[in-house]
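Take a look at the structure set out below.
The values are calculated or read from the model by the stated rules, or taken from the named source; none is laboratory data. Computed from a predicted model, the values in this text were never measured in an experiment. Cβ coordinates were reconstructed from backbone atoms using ideal geometry, including for glycine residues, and neighbour counts include every protein chain displayed. These accessible areas exclude ligands, DNA and RNA; they are computed on the full protein's heavy atoms, side chains included. Shrake-Rupley method; radii C 1.70, N 1.55, O 1.52, S 1.80 Å.
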Number of protein chains: 4
Amino acid sequence: MSDTWFSNDEMRAIYESVKNWGRWGHDDEAGALNLITPERRAAAAAEVSAGITVSCARELPVTPSIENPHPAMHMMVRGGDDCVTPGLGLASTADFVGVAFHGMATSHVDALCHIFVDEQMYNGFPATDVKSTGAQRGSIMCAKDGIAGRGVLLDIARQRGQGHLEPGTAITVADLEAAEAGQGVTVGEGDILLIGTGRDTRRDESGPWHPWRDGLAGLHPETIPWLHERGISVLGCDGVSDVLPGNHPSDWPMPIHQCVIVAMGVHLLDNLRLDRLATTCAEQNRWSFLLTVAPLRIEGGTGSPANPIALF
Amino acid sequence: MSDTWFSNDEMRAIYESVKNWGRWGHDDEAGALNLITPERRAAAAAEVSAGITVSCARELPVTPSIENPHPAMHMMVRGGDDCVTPGLGLASTADFVGVAFHGMATSHVDALCHIFVDEQMYNGFPATDVKSTGAQRGSIMCAKDGIAGRGVLLDIARQRGQGHLEPGTAITVADLEAAEAGQGVTVGEGDILLIGTGRDTRRDESGPWHPWRDGLAGLHPETIPWLHERGISVLGCDGVSDVLPGNHPSDWPMPIHQCVIVAMGVHLLDNLRLDRLATTCAEQNRWSFLLTVAPLRIEGGTGSPANPIALF
Amino acid sequence: MSDTWFSNDEMRAIYESVKNWGRWGHDDEAGALNLITPERRAAAAAEVSAGITVSCARELPVTPSIENPHPAMHMMVRGGDDCVTPGLGLASTADFVGVAFHGMATSHVDALCHIFVDEQMYNGFPATDVKSTGAQRGSIMCAKDGIAGRGVLLDIARQRGQGHLEPGTAITVADLEAAEAGQGVTVGEGDILLIGTGRDTRRDESGPWHPWRDGLAGLHPETIPWLHERGISVLGCDGVSDVLPGNHPSDWPMPIHQCVIVAMGVHLLDNLRLDRLATTCAEQNRWSFLLTVAPLRIEGGTGSPANPIALF
Amino acid sequence: MSDTWFSNDEMRAIYESVKNWGRWGHDDEAGALNLITPERRAAAAAEVSAGITVSCARELPVTPSIENPHPAMHMMVRGGDDCVTPGLGLASTADFVGVAFHGMATSHVDALCHIFVDEQMYNGFPATDVKSTGAQRGSIMCAKDGIAGRGVLLDIARQRGQGHLEPGTAITVADLEAAEAGQGVTVGEGDILLIGTGRDTRRDESGPWHPWRDGLAGLHPETIPWLHERGISVLGCDGVSDVLPGNHPSDWPMPIHQCVIVAMGVHLLDNLRLDRLATTCAEQNRWSFLLTVAPLRIEGGTGSPANPIALF
């Protein structure tokens, strides 16, 4: 009996079974974003009634912390002290913002060129297409006109009756389906699925922790075929969707990243802040909403920092 | 007779006449964003029918040009060449993106702390509240949950029957009202108003030009009371809303920035790309849409790069 | 009896007693660098005989660590993978390097505008002369032609017969004079004094530690009058010259930085790597050398990253 | 008759004839720096008599200009305005500095991994050894202990009786030897050779110009065998050593960079400021001096910004 959840061979079989390569053409770089059809987008907008917006992003992390060793940069180009000279003309301030956004504290989108399996990204483009000067394939530019569709939050911490899941907790298919039933929502084709683990709540209560060392709650790899079957377009989480540490075999250290991005062509949203969203969902008694994600138009980018906005 | 459109005293009078200071409380930092009520937001969403998204942003400008002397930074942290080592474990790429976003080529939001008149920002907070470590008042964080409301495009180039307005062209109240009539749309309270000058078309045809030296089309200062009367919440432009160079008196080098941001408390969207939006509006024969703007959550930020998304 | 080494009043008296303000004119911004006369510089060069160079700098710290929460940035602009296209013309690589160099792991020079006492820097210039756009007084540009003079290493760890001093160890005047006697060298006017605490040795042996929390060996404030009397031009250390934590009174949290930079006008060299220098000094049986420090010419800079080079 | 100075085949022959590959071992990464022996270094120091230092660097170019489209970044992390709060404790300022230093306005060192010929760098290491995460071979770390040796300035503008050479002027062997004779200095093995073209003088007089479009004075490729024969260790220039534009054949767009760096293993110093040095040399009537170059210790770096210091 294996001491990992799946063997390397079993993971390989899952990976192969959820492949969307060629489904939208051999040159396609948008992957499962193709599942957000105009009809589905219009239907998502039609659900809006309260006129409330909720951000799903964390503050840009400019302070180093145990979960965030590579903080963002935010520096003034010109502050107010340089705007109080008599006769200045236009008095204006400016600043610089920069971030290596992949990491464990910045809310961001993972483009399809972010992860490789067998030195290939989604749709079979080679890893070496991501040059030192930028990605020639699979960049975030496939989402340059924004992602807008029906968002669904499955709040697993709430479903389990907990404020938060403990780091390392693996979320199963049973958890997902119990949340669907408990919340009265069904994840369908083209949906942007958000998974709430209560990470924000736990961090607010007891401070940040080291995600790689101390773990993050996330999806058990058994959920991968379920995600594929449901036909989600995008997957987001207040963690990184993968459970850390998981009982994973050697070749599959982050099976969600590897199977969902590379095989399925699904963009990930990492390190979201979902507690405010969960509160609003509970207040509105509605777990679906119009969700818009607006990546910066970074040519050759492996993703983008983002502030996804839910509209109820 | 003055050789400027208005004298310093006349501009001062306009400035005072459109002041919203105190209107939403003396501690308010959101300004005219208060005009986007939940009802108006829901109504804007209800207009969505085609399910089409259009980005209003330019590509992040990483190459220096005559209009863009301070390019954005985009560099790989790890490219594909470092992902082809056997036995690597997770093969992933990453990059860094950074930008001093105020300027003439990056699509961005101006926060209310970006501009001062008499060493004061909107609602009377002192310029010196914008510290070298960030803004303590008037930062972009007032829009941290995103801006979502009814967007209206007034395509002045189209209204005048031109592909683009020449740099330096001043757009008058008559132009705005003619565009309203011609397009069959009326700018109302809480609207996010976008002004199209054809800058993208001109740049595509004949290359970039130096905005400060060679000019940009923009709004004549006579439009300021009109903007105030209509009650716009946000003002955007493919230029910078102000006409450059304008026949402005010495104290008012950028009267739109000075009156609209500081007096009215209206956020600006600068350097948008509006040609695709104009095309879609013409195709849909509809000049209003749901517009979402999702600034990065930059504490103390004087604005944010952004990719505003219109949803039809 | 005070439980601090000195009271606030006593520290104030020390501060006043070592003031060099006005000594080189009321507009002077170079401070004790004035003590490195051409004669002394030529004499230092005349000591060179072995033709050996030794760097006193650490590697630019690009990896975050407990001592280094704000790592330097080093990213490729173009790597070798983009240089293997046939017919490319010139095949060249390039990179970007950036650093917020003040901190606990980057070898750097502190300019005289880096520290204030009573909202004043060296020679009485006001703190507000360091604008959000750069220092108008006291910047590193006073050393733009480089610092070159006689360097003297006092290796206190060696003097005490230890591989390293424990964090928090306070180095006294007796230590300094014992090292002088033991090494056969006397610190004189214009010398660049380097203090070795064995920090590198300790870090190599047991890894980095948190300087603010766990401490650094450094100079007891009783050494300040001694440093002034000897007339040093520059002070460097493998730590930050100050002992952390020290038994300091409330107004004087870093008395060396406060008195030596502000009162005496002495530039500091922080976070040097001195173990290689110590080895060479022992091998050469000579504890003085020609030392050159070449700050980047950063207009308005509060210092510079640097790689000081000792020449024997 | 060819309309280029040399044909591709002739340049290839020159390239092969000056190769130092294997000369200092097949793993050597320091190249001609090996020629600066301790004896030569000590002899250079022995020449020091006046005790004067002169910087050979330009100010870090933070403002974009026609010669400098990628300016350096210099931003405050904390300015004086944040140091005037009562009871602050230590009042200190800090800043960030960053630069993509290869280019046409930053004084910098080119490491041996900066240029490839036939997809190989000096000593035959493959171009692909310069990864997206840094150079694994040929990085600037071979000079981590600094470069210190005898510098020689050949002031060609002065030799020709001109304030500056016109852009595009090719400096010949006859020019070099005439300057040697006129100045009374002979370039010998291990010397750091600096070539003055008067670029600073011209820029001060008539402003910056576009180096690629409008040209730079530099060395004719006929000088390459001469440089090899003399055995220089490092080559520097107020331009980029290569003449732009040159009558070069297609495969050799920058023959000095290609032959001197790749074949000879000689580090280049680009965009120096040499007018102050020339003035001092003339005043001292001495065209050799101790020159120290202290690159930042950037692991994997393709070079470093630098402030070379001449000591007379």
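From the list D:Gly138, D:Gly89, the lone residue that is crowded, with 24+ Cβ neighbours inside 10 Å, of a type in the set (Gly, Ala, Ser) and part of a loop (DSSP other than H, G, I, E, B) is D:Gly138. From the list D:Arg40, D:Arg12, the lone residue that is open to solvent by 40 Å² or more (accessible area, probe 1.4 Å), among the charged types (D, E, K, R) and facing chain C (nearest Cβ under 9 Å) is D:Arg40. For the stretch D:179-195, the set of residues classified as open to solvent by 40 Å² or more (accessible area, probe 1.4 Å) and without any contact (Cβ under 8 Å) to a residue 60 or more places away in the chain consists of D:Ala181, D:Gly182, D:Thr186, listed by residue number. Of all residues in the stretch C:35-76, those that are in contact (Cβ under 8 Å) with a residue 12 or more places away in the chain and outside any loop (DSSP other than H, G, I, E, B) total 15.
Of the residues examined, D:Ala111 is not one that is open to solvent by 20 Å² or more (accessible area, probe 1.4 Å), closer than 29 Å to D:Cys259 by Cβ and not charged (D, E, K, R). D:Pro208 meets each of the listed conditions (1) under 29 Å from D:Tyr122 (Cβ atoms); (2) in contact with a strand residue (DSSP E or B) (Cβ under 8 Å, 6 or more places away or on another chain); (3) in a loop (DSSP other than H, G, I, E, B) apart from (1).
How about the stretch C:63-82: which of its residues are more than 7 Å from every other protein chain (Cβ to nearest Cβ) and surrounded by fewer than 18 Cβ atoms within 10 Å (Cβ to Cβ)? Of everything in the stretch C:63-82, those that are more than 7 Å from every other protein chain (Cβ to nearest Cβ) and surrounded by fewer than 18 Cβ atoms within 10 Å (Cβ to Cβ) turn out to be C:Thr63, C:Ser65, C:Ile66.
Mind checking which residues of the stretch B:270-287 are outside any loop (DSSP other than H, G, I, E, B), open to solvent by less than 10 Å² (accessible area, probe 1.4 Å) and closer than 27 Å to A:Ala46 by Cα? B:Leu277, B:Cys281 - these are the residues of the stretch B:270-287 that are outside any loop (DSSP other than H, G, I, E, B), open to solvent by less than 10 Å² (accessible area, probe 1.4 Å) and closer than 27 Å to A:Ala46 by Cα. Evaluating A:Pro245 against the criteria (1) within 13 Å of the chain's Cα centre (by Cα); (2) open to solvent by 20 Å² or more (accessible area, probe 1.4 Å); (3) closer than 22 Å to A:Glu10 by Cβ; (4) not hydrophobic (A, V, I, L, M, F, W, C) leaves one unmet condition, (1).
Every test in (1) touching an Asp or Glu at 6+ places or on another chain (Cβ under 6 Å); (2) buried (at least 16 other Cβ atoms within 10 Å of the Cβ); (3) hydrophobic (A, V, I, L, M, F, W, C); (4) more than 22 Å from C:Arg297 (Cβ to Cβ) is passed by D:Ala32 save one, and that test is (1). The set of residues from the stretch B:165-205 being of a type in the set (A, V, I, L, M), assigned to a helix (DSSP H, G or I) and more than 17 Å from B:Val234 (Cα to Cα) comprises B:Val173, B:Ala174, B:Ala178, B:Ala179, B:Ala181.
Test B:Leu153 against the criterion of being open to solvent by less than 30 Å² (accessible area, probe 1.4 Å), part of a strand (DSSP E or B), more than 21 Å from B:Arg23 (Cβ to Cβ) and more than 14 Å from every other protein chain (Cβ to nearest Cβ), and give yes or no. So B:Leu153 fits the description; yes.
Looking only at residues in the stretch D:292-303 that are crowded, with 24+ Cβ neighbours inside 10 Å and farther than 15 Å from C:Ser55 by Cα, the one that is farthest from the other protein chains (Cβ to nearest Cβ) is D:Gly303. Is it true that some residue in the stretch B:81-98 is touching a residue at least 40 places away in the same chain (Cβ under 8 Å), under 22 Å from the mean Cα position of the chain (by Cα) and under 30 Å from B:Val293 (Cβ atoms)? No, because not a single residue in the stretch B:81-98 is touching a residue at least 40 places away in the same chain (Cβ under 8 Å), under 22 Å from the mean Cα position of the chain (by Cα) and under 30 Å from B:Val293 (Cβ atoms). Applying a threshold of 6 Å to beta carbon distances and a minimum spacing of six or more residues, or different chains, the list of pairs starting in the stretch B:156-173 at a residue that is touching a residue at least 60 places away in the same chain (Cβ under 8 Å) and ending at one that is open to solvent by 50 Å² or more (accessible area, probe 1.4 Å) reads B:Pro167/B:Asp214. When restricted to residues that are out of contact with any Phe, Trp or Tyr (no Cβ under 9 Å at 6 or more places or on another chain) and either within 14 Å of chain B (Cβ to nearest Cβ) or open to solvent by 10 Å² or more (accessible area, probe 1.4 Å) (or both), the stretch A:166-178 contains 7.
For the residues C:Ile232, C:Ile224, the requirement of being buried (at least 23 other Cβ atoms within 10 Å of the Cβ), touching a residue at least 12 places away in the same chain (Cβ under 8 Å) and part of a helix (DSSP H, G or I) singles out C:Ile224. From the list D:Gly25, D:Gly103, the lone residue that is surrounded by fewer than 22 Cβ atoms within 10 Å (Cβ to Cβ), more than 7 Å from chain C (Cβ to nearest Cβ) and under 19 Å from the mean Cα position of the chain (by Cα) is D:Gly103. Residues in the stretch C:259-312 that are out of contact with any strand residue (DSSP E or B) (no Cβ under 6 Å at 6 or more places or on another chain) and polar (S, T, N, Q): C:Asn271, C:Thr279, C:Gln284, C:Asn285.
Within 19 Å of B:Tyr15 (Cα to Cα), surrounded by fewer than 20 Cβ atoms within 10 Å (Cβ to Cβ) and aromatic (Phe, Trp, Tyr) - does that describe any residue in the stretch B:208-216? Looking through the stretch B:208-216, none of the residues is within 19 Å of B:Tyr15 (Cα to Cα), surrounded by fewer than 20 Cβ atoms within 10 Å (Cβ to Cβ) and aromatic (Phe, Trp, Tyr). Check off (1) more than 7 Å from chain B (Cβ to nearest Cβ); (2) in contact (Cβ under 8 Å) with a residue 60 or more places away in the chain; (3) not in a loop (DSSP other than H, G, I, E, B) for A:Phe116 and give me the number that stays unchecked. Unmet condition: (1).
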